[in-house]
Amino acid sequence: MRISTNIQGAIFMILAMACFAANDATVKLLTKEIGIGQIMFFRGMFIVLLALAIAWRAGVLGSVRNVFQPKIVIRSFCELVAAVTYLEALRLMPLANASAIQQSLPLAVTLGAALFMGEPVGWRRWSAILVGFIGVLIIIRPGPDGFDTGAIFVIMAVFGAATRDLMTKTITASVPAIVITLSTALLLTAGGGVIGTIEADWSMLTVPILLKLVLAAAFLLGGYQSIVVAVRKADISYIAPFRYTGLLWAALLGMIVFANYPDAHVLTGGAVIVAAGLYSFHRERKRGIAPLAETTQPGPSEGGGLIVRAQEEASEK
């Protein structure tokens with residue numbers, strides 16, 4: 001029996017979310033062994049090499065000169081903010097908690113599109129945004145002493161990634177996706193080097209650490225390539241809701257790898273955020289608006305430009 005293209009797309013979207021969760025779990029393990037700057041530097045180097053290889057194979061090496069276009073650089077800087085803050089959050093809090101909060105990214109993108117890009121947002125989607133952020137508050141449970149530090153870093157990552165997604169939409173479609181990926185990887189590598197130098201937190205790279213760095217880079221690139229396949233095979237309106245399966249993968253890996261079990265607040269807040277996101281997506285689909293968020297992943301996501309480009313290429317076919 002032949003599987004429909006929409007089902008194939010959904011499978012690849014679920015696979016992408018599994019790759020992202022596996023990347024997060026691998027990075028969380030690495031934060032116990034080496035500094036965040038060192039993680040960013042070496043993983044970024046692997047992504048740069050992979051991106052150059054892909055650009056060469058695709059015959060677009062001549063477009064690499066565009067990596068320093070102002071809009072691309074600004075987008076890459078937003079990615080850097082998202083990457084640094086999200087890595088710090090992974091170091092400080094359980095994987096499922098960070099993943100649950102990051103599911104609010106599409107709502108943050110909708111908020112940014114309404115405030116800064118003039119996108120019309122009706123009262124229903126405004127209500128969904130409000131409900132989604134109530135879900136975030138349920139998870140982080142601010143007390144008399146304020147917010148949990150890890151939660152603050154995730155929220156910063158979400159807004160950094162939302163700005164990244166909005167900036168991606170302003171970059172001309174003539175710039176290949178891999179050029180955006182390369183620019184981001186270069187800036188993250190440089191940023192990691194600066195952070196590592198400031199922190200003076202460089203450790204000897206053992207074989208197990210190197211393997212984890214390569215594995216994290218492979219998971220990350222595999223996730224974005226899977227999204228590209230998903231978007232090209234299926235209707236965006238069909239596969240977009242499957243990005244929320246990332247929360248399930250994160251919870252599963254958190255339990256298996258770190259023995260962290262999500263509590264009632266995380267489960268309830270996560271459910272509220274997902275419900276709000278799905279409703280907002282329903283309204284977008286009903287009005288014929290393409291989802292603006294590249295993914296539910298705030299960072300680090302050196303390949304983020306691939307998703308929007310894949311959507312644009314798919315719509316042209």
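Derivation of every value follows stated rules applied to the coordinates shown; laboratory data play no part. Keep in mind it's a predicted model, so treat the numbers as computed, not measured. Every residue, glycine among them, receives a Cβ derived from its backbone with ideal geometry; neighbour counts consider all protein chains shown.
Identify which of Val272, Val175, Val207 has the largest mean-square fluctuation in a Gaussian network model of the chain, with springs joining Cα atoms closer than 10 Å.
Fluctuation is largest for Val207.
Can you give the local net charge around Ala276? Use residues other than it whose beta-carbon is closer than 13 angstrom to its beta-carbon, Lys and Arg +1, Asp and Glu -1.
Here the charged neighbours net out to +2.
Only helical DSSP H runs with n ≥ 4 go in: add -39500 (n - 2.57) per run for the chain, normalise by residue count and round the 222 nm mean residue ellipticity to 500 deg cm²/dmol.
-25000 deg cm²/dmol
Compare Arg283, Arg57, Arg141 in a GNM of the chain, Cα atoms joined below 10 Å, and give the one with the largest fluctuation.
Its mean-square fluctuation being the largest, the pick is Arg57.
For the chain, build the charge dipole from Cβ charges (+1 Lys, Arg; -1 Asp, Glu) around the Cα centre, then report which of Ile239, His265, Thr5 sits farthest towards its positive end.
Value computed over the given set: Thr5.
If I take R0 = 25 Å and measure r between the Cβ atoms of Leu130 and His282 in this structure, what FRET efficiency does the formula 1/(1 + (r/R0)^6) give, to the nearest 0.05?
0.95
Rounded to whole Hz and in sequence order, give me ³J(HN,Hα) for the range 243-256 from the Karplus expression 6.51 cos²θ - 1.76 cosθ + 1.60, θ = phi - 60°, writing x for Gly and Pro.
Per-residue couplings from phi come out as 5, 6, 5, x, 5, 5, 4, 5, 5, 5, 5, x, 6, 6 Hz.
Measure out, as a whole number of angstrom, how far apart the alpha-carbon centroids of the range 27-46 and the range 194-209 sit.
When both Cα centres are located, 8 Å separates them.
Using the Cα centre as the reference, give the magnitude of the dipole from point charges on the C-beta atoms of the range 5-316 (Lys, Arg: +1; Asp, Glu: -1; all else neutral), rounded to the nearest 20 debye.
Computed about the Cα centre, the dipole is about 620 debye.
Looking at the chain as a GNM with Cα springs under 10 Å, which of Leu52, Leu95, Leu80 has the largest mean-square fluctuation?
In this elastic network of the chain, the residue with the biggest mean-square fluctuation among Leu52, Leu95, Leu80 is Leu52.
With the contact rule set at Cα under 8 Å and sequence spacing of 6 or more, what percent relative contact order holds for the range 5-316?
Worked out over the range 5-316, it gives 42 percent.
Under 20 Å from the Cα of Lys233, which lysines turn up, not counting those fewer than eight places away in the same chain?
Lys317
To make sure I understand the rule: partners must be lysines, Cα under 24 Å from the Cα of Lys32, and not fewer than 8 residues away in the same chain. Which ones qualify?
Correct list for Lys32: Lys212.
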